[in-house]
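The values are calculated or read from the model by the stated rules, or taken from the named source; none is laboratory data. Keep in mind the model is a prediction, meaning the values are calculated, not measured. Cβ atoms come from the backbone with ideal geometry, glycine included; neighbour counts cover every protein chain shown.
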Amino acid sequence: MKIKDVVEKQLGRLPPGVLSGAFKVAKKIPWVRDRLEREYATMLASMETSLRPYRGEFESFGRLPAEGKERAEVLEMMKAMCSREESRWREGYVSGAVYHGDRDHIDFLNQVYALYSQANPLHSDLWPSATKYEAEIVAMTAAMLGGGPAAGGDDEEEVCGAVSSGGTESILLAMKTYRDRARAERGIRHPELVVPTTAHAAFDKAARYFNIDLIKVPVGADCKADVAAMSQAISRNTIALVGSAVSFPHGAIDPIEALSELARGQGIGMHVDACLGGFVLPWAERLGYKVPPFDFRLPGVTSMSADTHKYGYAAKGTSVVLYRGQALRRFQYYTTTEWPGGMYFSPTFAGSRPGALSAAAWAAMVSIGERGYLAATRAILETAATIREGIAAIPGLQVLGDPLWVIAFASDELDIYRVMEHMSHGGWNLNGLHKPACVHLCVTLRHTKEGVAERFLADLAAAVDHVRADPSESSGMAPVYGMAATIPVRGVVSDVLERYMDLLYKV
Ligand SMILES: Cc1ncc(COP(=O)(O)O)c(C=O)c1O
């Protein structure tokens with residue numbers, strides 16, 4: 001009997017809270033634990049092969065080689081693996097992941113990286129140029145997101161921020177900031193954060209890391225935050241509200257203006273997660289697309305996250321977190337004055353940081369400029385409109401919400417995960433989502449190249465036909481998604497994910 005059947009049969013009729021409690025208790029029984037581990041191992045066995053395609057072909061290193069290898073040999077081995085991985089994203093088969101990817105742009109960023117590979121912004125005395133780049137990345141991003149000079153010339157309101165390692169770190173930093181401010185200024189010991197269910201997993205992570213209670217509020221049928229329900233969820237302990245512009249799953253822009261007013265009225269923080277949309281929406285607005293207000297022009301918006309390493313077209317590893325006013329940003333900082341190692345301070349979570357990545361992000365921004373971002377956004381939104389209309393025209397598929405370029409689609413006739421699985425046989429790497437079951441394509445500059453959108457739509461139509469012809473065929477990740485979506489004991493899914501991560505570190 002499969003694990004899903006075992007668990008469903010034994011525990012499936014209980015409500016979820018009881019289920020997770022029962023699961024935790026059941027796992028303490030040795031035979032249950034052993035049985036589960038065996039089931040997990042079977043499930044993950046096939047994944048190990050796909051995770052380690054180079055095993056047996058390229059040398060593995062479980063320990064340092066006694067003698068260092070020749071540099072040429074090392075490079076040759078790495079180039080061989082790298083080139084095999086390149087064609088998929090370069091030819092536009094991947095959702096999101098690589099947002100620019102043109103050869104000349106990458107070569108330029110690589111030159112900058114090579115110049116600064118030793119730089120560390122922690123030592124601003126040694127690399128003042130890296131510090132300058134970070135200050136200017138923050139200033140340029142703030143100005144792009146309605147930060148400009150503060151209304152009424154009020155310096156305390158001026159938008160400021162920091163460069164972090166990615167969207168997740170920007171979000172973690174902002175949530176820690178709100179927690180610490182609420183503790184210092186309002187004496188809140190049991191902080192709560194109110195988020196729409198579609199907010200990125202990074203908010204859940206922040207809540208767990210920083211002991212914040214996450215209040216998840218279901219979104220409406222339009223995939224957008226339900227303002228009235230979020231208002232109901234606010235309590236004396238609420239430190240902030242969250243909205244996305246745009247959301248990861250469905251590319252929806254939450255009603256930020258209403259959330260901003262709600263937060264302002266309650267005297268709490270309002271974070272706009274613009275990790276995905278921050279470098280697209282301002283340009284979309286200028287191009288005349290219908291973009292509701294979503295940034296610091298709204299007085300209740302107190303912080304934002306915007307990723308330079310997505311549509312900012314920087315190398316992977318940078319993002320910007322912004323705050324309304326330096327007083328708020330100071331709750332993010334870390335300082336210690338008593339350490340024998342000297343006076344120590346760091347603005348973000350890391351100590352030493354890769355100055356080369358900040359240098360490359362700065363170089364990307366100043367070399368692309370407003371005109372370049374406008375052109376890139378125009379190309380992406382036009383391609384996305386073609387793709388969206390094409391998906392909607394395929395019988396059996398429905399586009400969720402009203403997306404601009406992150407296009408989620410579902411089916412009320414077919415198993416959408418099987419459609420995704422069939423697409424993967426053709427080389428496509430799409431994102432499987434659940435609650436509701438759907439799949440999305442996050443359109444990037446890679447999809448704007450000639451013929452890519454047409455190829456995607458033709459392959460998708462063929463995949464739908466294939467699944468319709470044989471709805472029972474199931475292979476690869478489809479059953480895993482299916483199981484993950486339906487299994488009542490979420491602890492089982494969590495266990496499998498943990499064991500999957502163990503595999504990532506297996507040599
Ligand atoms: C809306 C949104 N927020 C946050 C993140 C997290 O960003 P990162 O993967 O850079 O940590 C993502 C990533 O896709 C995102 O789409």
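With the requirement that a residue be in contact (Cβ under 8 Å) with a residue 40 or more places away in the chain and more than 15 Å from ALA274 (Cα to Cα), what does the stretch 217-235 give you? Residues satisfying the conditions are ASP222, CYS223, ILE234, SER235. Per this entry, GLY351 is counted among residues that are assigned to a loop (DSSP other than H, G, I, E, B), of a type in the set (Gly, Ala, Ser) and more than 18 Å from PRO282 (Cα to Cα).
Beta carbons closer than 6 Å, at least 6 apart along the sequence or on distinct chains, pair a first residue in the stretch 263-282 that is over 13 Å from ASP295 (Cα atoms) with a second that is of a type in the set (Ser, Thr, Tyr) and part of a strand (DSSP E or B) for ILE268/THR238.
Looking only at residues in the stretch 161-171 that are touching a helix residue (DSSP H, G or I) at 6+ places or on another chain (Cβ under 6 Å) and of a type in the set (Gly, Ala, Ser), the one that is nearest to the ligand (Cβ to nearest atom) is SER164.
Okay, residues lined up against (1) within 16 Å of the ligand (Cβ to nearest atom); (2) farther than 24 Å from ASP204 by Cβ:
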| position | (1), (2) |
| --- | --- |
| GLN118 | no, yes |
| PRO121 | no, yes |
| LYS132 | no, yes |
| ALA139 | no, yes |
| LEU173 | yes, no |
| LYS176 | yes, no |
| ARG181 | no, no |
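Cβ-Cβ contacts under 6 Å between residues 6 or more apart (or on different chains), taken from a first residue in the stretch 79-103 that is touching a residue at least 60 places away in the same chain (Cβ under 8 Å) and in a helix (DSSP H, G or I) to a second residue that is among the charged types (D, E, K, R) and loosely packed, with under 13 Cβ neighbours inside 10 Å, are absent. Pairing each residue of the stretch 197-215 that is within 14 Å of ALA240 (Cβ to Cβ) and free of Cβ contacts under 8 Å to residues at least 60 places away in the same chain with any residue that is among the aromatic types (Phe, Trp, Tyr) and within 14 Å of the ligand (Cβ to nearest atom), provided the two are 6+ apart or on different chains, yields C-beta distances under 8 Å for LEU214/PHE203. Counted as qualifying within the stretch 123-213 are the helices (runs of 4 or more DSSP H) with 1 or more residues that are buried (at least 18 other Cβ atoms within 10 Å of the Cβ) and among the charged types (D, E, K, R), namely 128-144, 167-186. Residue pairs whose Cβ atoms lie under 8 Å apart, sitting 6 or more positions apart in sequence or on different chains, and linking a residue in the stretch 163-177 that is of a type in the set (A, V, I, L, M) to a partner that is more than 9 Å from the ligand (Cβ to nearest atom) and at pLDDT below 95, do not occur here.
This table checks each residue for (1) within 18 Å of ARG324 (Cβ to Cβ); (2) of a type in the set (Phe, Trp, Tyr); (3) within 16 Å of the ligand (Cβ to nearest atom); (4) not in a helix (DSSP H, G or I).
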position: ALA221; (1), (2), (3), (4): no, no, no, yes
position: ALA228; (1), (2), (3), (4): no, no, no, no
position: ARG236; (1), (2), (3), (4): no, no, no, yes
position: SER260; (1), (2), (3), (4): yes, no, no, no
position: ARG264; (1), (2), (3), (4): yes, no, no, no
position: MET270; (1), (2), (3), (4): yes, no, yes, yes
position: ASP273; (1), (2), (3), (4): yes, no, yes, yes
position: GLY278; (1), (2), (3), (4): yes, no, yes, yes
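Of everything in the stretch 411-427 that is in contact (Cβ under 8 Å) with a residue 24 or more places away in the chain and crowded, with 22+ Cβ neighbours inside 10 Å, the residue that is nearest to the ligand (Cβ to nearest atom) is MET420. Inside the stretch 238-252, residues that are within 19 Å of the chain's Cα centre (by Cα) and more than 11 Å from the ligand (Cβ to nearest atom) make up a count of 1.
In the stretch 218-248, the residue that is farthest from GLU185 (Cα to Cα) out of those that are surrounded by fewer than 24 Cβ atoms within 10 Å (Cβ to Cβ) and among the small types (Gly, Ala, Ser) is ALA221.
So, GLY146, is that one closer than 24 Å to PHE248 by Cα, under 20 Å from the mean Cα position of the chain (by Cα) and modelled with pLDDT of 95 or more or not? It is false that GLY146 is closer than 24 Å to PHE248 by Cα, under 20 Å from the mean Cα position of the chain (by Cα) and modelled with pLDDT of 95 or more. Candidates are the residues of the stretch 334-348 that are in a loop (DSSP other than H, G, I, E, B) and surrounded by 15 or more Cβ atoms within 10 Å (Cβ to Cβ); the one that is nearest to the ligand (Cβ to nearest atom) is THR348. Is it true that GLY251 is in contact with a Ser or Thr (Cβ under 6 Å, 6 or more places away or on another chain) and crowded, with 22+ Cβ neighbours inside 10 Å? No: the conditions fail for GLY251. Filtering the stretch 289-333 to residues that are small (Gly, Ala, Ser) and within 16 Å of the ligand (Cβ to nearest atom) leaves SER303, SER305, ALA306, GLY312, ALA314, ALA315, GLY317, SER319.
Put simply, of TYR313, TYR289, TYR323 the only residue that is in a loop (DSSP other than H, G, I, E, B), at negative phi and in the same structural domain as LEU122 (by TED's automatic domain parsing) is TYR289. Cβ separations smaller than 8 Å between residues 6+ apart or across chains give the following pairs from the stretch 54-76 residues that are closer than 11 Å to VAL507 by Cα to residues that are assigned to a loop (DSSP other than H, G, I, E, B): SER60/VAL507; PHE61/VAL507; GLY62/VAL507.
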